[in-house]
Amino acid sequence: MGVYESIIKGLNEAVDYENGKITARTTKCTVNPAPEFDAKQIRDARLSLGMTQTTFAQVMGVSIKTVEAWEAGTNKPVGAARRLLSMLQADPSMLAKLNIISA
């Protein structure tokens, strides 16, 4: 099916849904909140990965100053950083598995 046909099919399905001819598929899920991390937990996570603050900052997508502030307890990670930290805590090997780091 080409792009044009796919778009037309999707639009026709949207019209049929709006007119009550079909029902939409739904999936419900619960997203657990990302845990909070204190300075010691962040430092311990970094050290357990065998990383310098510079490397850890690159992996986390933040500046070195941010990692320093986290580890000093001045700032705390928020949003995606907390989620990534929780994922690293659950599976420290994920960085290598996903080819984010290489030995």
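Every read-out reported here was derived from the displayed coordinates using simple, explicitly stated rules and does not represent laboratory data. None of these values were measured; they are calculated from a predicted model. Counting neighbours? That spans all protein chains shown, and the Cβs are built from the backbone with ideal geometry, glycine included.
The table below gives the values:
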{"item": "Angle in degrees between helix 3-18 and the longest Cα principal axis of the chain, rounded to the nearest 10", "result": "80 degrees"}
{"item": "Ranking of 3, 59, 78 by count of other Cβ atoms within 10 Å, fewest first", "result": "3, 78, 59"}
{"item": "Sites excluded, trypsin sites (Lys or Arg not before Pro) in DSSP loops with at most 14 other C-beta within 10 Å, longest stretch of the chain", "result": "29-103"}
{"item": "Degrees separating the helix 80-90 axis from the principal Cα axis of the chain, which is the longest one", "result": "70 degrees"}
{"item": "Residue-span extension gain [residue 53 to residue 97] - 0.36 nm each, minus C-alpha spacing", "result": "13.7 nm"}
{"item": "In degrees, nearest ten, helix 39-48 long axis to first principal axis of the chain (Cα)", "result": "90 degrees"}
{"item": "Reduced Cα scattering model of the chain, Debye log10 I(q)/I(0), q = 0.19 Å⁻¹", "result": "-0.88"}
{"item": "For the chain, with +1 on Lys and Arg beta carbons and -1 on Asp and Glu, the positive-most of 17, 96, 67 along the dipole", "result": "67"}
